[in-house]
1. By how many degrees, between 0 and 90 and to the nearest 10, does the Cα long axis of helix 3-46 differ from the longest principal axis of the chain?
2. Quick check: the angle from helix 160-192's long axis to the longest principal axis of the chain, C-alpha only, nearest 10 degrees?
3. Calculate, axis by axis, the spread of Cα positions in the chain along the three principal axes, and write the results as whole Å, longest axis first.
4. Let me check I've understood the local charge: for V100, count other residues with C-beta under 10 angstrom from its C-beta, Lys and Arg +1, Asp and Glu -1. What total comes out?
5. Kindly express, to the nearest 10 degrees and within the range 0 to 90, the angle between helix 112-144's C-alpha long axis and the longest C-alpha principal axis of the chain.
6. Just give me a number: lysine pairs in the chain, eight or more positions apart or cross-chain, with C-alpha atoms less than 19 Å apart.
7. Can you give me the C-alpha center-to-center distance between the stretch 116-174 and the stretch 54-93, rounded to a whole angstrom?
8. Within a Cβ distance under 15 Å of N2, other residues only, what is the Lys/Arg minus Asp/Glu net charge?
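We did not get these values from a lab; they are worked out from the coordinates using the rules stated. A quick note: this is a predicted structure, and the numbers were derived from the prediction, not measured. Note: ideal-geometry Cβ built from the backbone for every residue, glycine included; neighbour counts use all protein chains shown.
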Amino acid sequence: MNSQEWAEREKRLTRIRRLSAFMKWAVTLVLALMVLLGAVILFEVAMPSNLLIDPNETIDIAEVERKIGEIPYGQRLGIAVLFWVAIACLSLSIWNIRQVFKRFQMMEFFSPKTLANVISIGVWLIIFAVFDLISDPIGSVILTYDLPPGERSLEVSLDGAEIFCFILGALMLLFGWILREAALIADENRQFV
């Protein structure tokens, strides 16, 4: 490799380090805000205090809509748990994204930890997509459980978020598996030399 090629390579690596460092902190900020906002919403749904959420505000799950103040406490807790699980799945996926950026910043492109984080991103996105799909029917039942028979509801919905997260999760999972195989092949080739 001549000096010009080496200089070009160093520019590319510097660009990777800088963008990875920026994205690591940007994703950290997003994660912190998401967890904070999730905790506030979780608390307000479980025990509305009229500070942040008006009891006349509505909760929408699938096609069911009810005022928060009309929902019995146990049902609000159930809805809060569904919300918490969704936030936890997304948070774990975002945490692994942060870890990938951290490893890229350290130039650990094919380390076992980097590849494990890429695979974990995919796994958590798939888990979120599946959970998001089943949480609408569960949430609609919880939301209408106290209503008289005939007014209770079981709603099923499918939107682009579930499809996108499932496809992106599968892509990341497959990408992680392929990179793991590439790393093993590269390691075998180094041992032959």
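1. The angle comes out near 10 degrees.
2. Taking the Cα atoms of the chain, the angle to 160-192 is about 20 degrees.
3. 78, 32, 22
4. +4
5. Value to nearest ten degrees: 10.
6. Taking the chain as the scope, the lysine pair count is 4.
7. Result: 14 Å between the Cα centres.
8. Summing Lys/Arg as +1 and Asp/Glu as -1 gives -1.
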